[in-house]
Every structure is written in structure tokens, then in C-alpha cells.
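Have a look at the structure below before the remarks.
Any read-out appearing in this document is the output of simple, stated calculations on the displayed coordinates, not a laboratory observation. The model shown is predicted, which means the values in this text are computed figures rather than measured ones. Counting neighbours? That spans all protein chains shown, and the Cβs are built from the backbone with ideal geometry, glycine included.
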Amino acid sequence: MDLLQHARRLYERGDMHDALEAAQAACERAPRDAEAWWLLACVSRHTGLPQASDQAFRRAADLSRRKPLPVRVSPAEFAAVVEKARRQMSPDARRRLAGTQLRLCGLPDAKEVRSGIKPDVLAHRTRQPVDVLTLFQVNLENRSGSPSALEAAVVKVLSKA
């Protein structure tokens, strides 16, 4: 099995420290592989290494235009983005979210990942015992190269929920 695939499998299973080692090895073996650097950045963020994560994201962005450098905002700024997005939603989308509690989190925690939630998921909705839509700020930021892209991603996630 390819080292990058192995690292991704460990990451998706929630074995973050093993995934970190495998992703680092993948980057060492293929230093010009933007996907390897992107995965290392994501795993590093999950393991509590934000500076290493930012460096790996920069490396991925340098290697590929398809991997923009993520935008970062404070939790308060993210909450404001979510509120703005709610106002921009269509009336039908607002109706579908009526009665749904919104929860803003940084990333899925290890328990959530081990229970089957993908570590890169943008949002997760549970309807039992109450209807809750969780938005994962860091994952949304990771896919957004600008504040306007972040706003658009949040609108899209809310509208599809």
C-alpha cells in the first residue's frame, strides 16, 4: 500500500499520531507531492500542532494552485460569518433549518472520528435526541482560500443541511 494512502487511512480511522508519522514519512519520500503536504497539515492540526500545520499548508499551496492557503478567523469572526450566511440563505433553506440548533466547533474530536465521522467533514447533523447541526470551523477554513470563499462555503453547507 502506498504510504500516503496508509496515512490517509490511519487519519480517517482516528489514529492521529500514527497518521502523523505516516504523513511525515510520505512528505519525506515525495517532497513535491502537494497531497502529502496537505494531509500532513490536516493531521498536524488534529494533533494540536497548529504551527506545523500552517507550515505544511504553505508547502502544499506552494506546490499546487489547487491547494490554496487556508484562511483563519477567530471563533467570534466565524460566528459572525455563520450569522451572515444564515441571512443569505433562501427562505426554503431557512425553513429546513428552523428548530435546528447550530453548534460551532473547531474540529471533530477523536471520539467522533473513531465513531465514524470523517476528520475532514465540514458539518455533521444529528437529529436525535434533538436536531443539531455542527459546523467545523477549521475544516471549513482549510477549504477556503479567502474570507469570501469561507462565507460561500458556510452558505453552501447551511443550505444543504
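The mean sequence distance of close C-alpha pairs (under 8 Å, at least 6 residues apart), as a share of the length of the chain, puts its relative contact order at 21 percent. Matching the structure-derived Cα extents along the principal axes in Å against the labelled list (i) 61, 37, 27; (ii) 101, 32, 23; (iii) 50, 33, 24 gives the label (iii). Excluding same-chain residues fewer than 8 positions from Lys111, which aspartates and glutamates have a Cα within less than 17 Å of its Cα? Straight-distance partners of Lys111: Glu12, Asp15, Asp18, Asp120. Considering helices alone, the calculated mean residue ellipticity of the chain at 222 nm is -18500 deg cm²/dmol, with DSSP H runs of length four and up weighted by -39500 (n - 2.57) and normalised per residue. For the stretch 3-63, the square roots a ≥ b ≥ c of the C-alpha gyration tensor eigenvalues yield an a/c of 1.5 or more together with a/b not exceeding b/c, which makes the shape oblate.
Neighbour counts of C-beta atoms inside 10 Å place Leu39, Leu49 in the sequence Leu49, Leu39, starting with the fewest. Note on the stretch 32-143: dipole from Cβ charges, positive end direction compared against Ala76, Pro50, Leu135; the farthest Cα belongs to Leu135.
With the Cα gyration tensor of the stretch 75-160 giving a ≥ b ≥ c as the square roots of its eigenvalues, does the rule (a/c under 1.5 for rounded; else a/b larger than b/c for prolate; else oblate) give rounded, prolate or oblate? Oblate, because a/c is 1.5 or more while a/b does not exceed b/c.
Placing pseudo-labels 7 Å out from each Cα toward the beta carbon at Gln51 and Ala79 gives an inter-label distance of 2.9 nm. Of all DSSP-defined beta bridges confined to the stretch 75-160, some 45% are antiparallel rather than parallel. For the stretch 6-140, the share of DSSP beta bridges that are antiparallel, to the nearest 5, is 45%. What whole number of Å gives the distance from the Cα centroid of the stretch 10-31 to the Cα centroid of the stretch 39-103? Cα centroid of the stretch 39-103 versus Cα centroid of the stretch 10-31: 22 Å apart.
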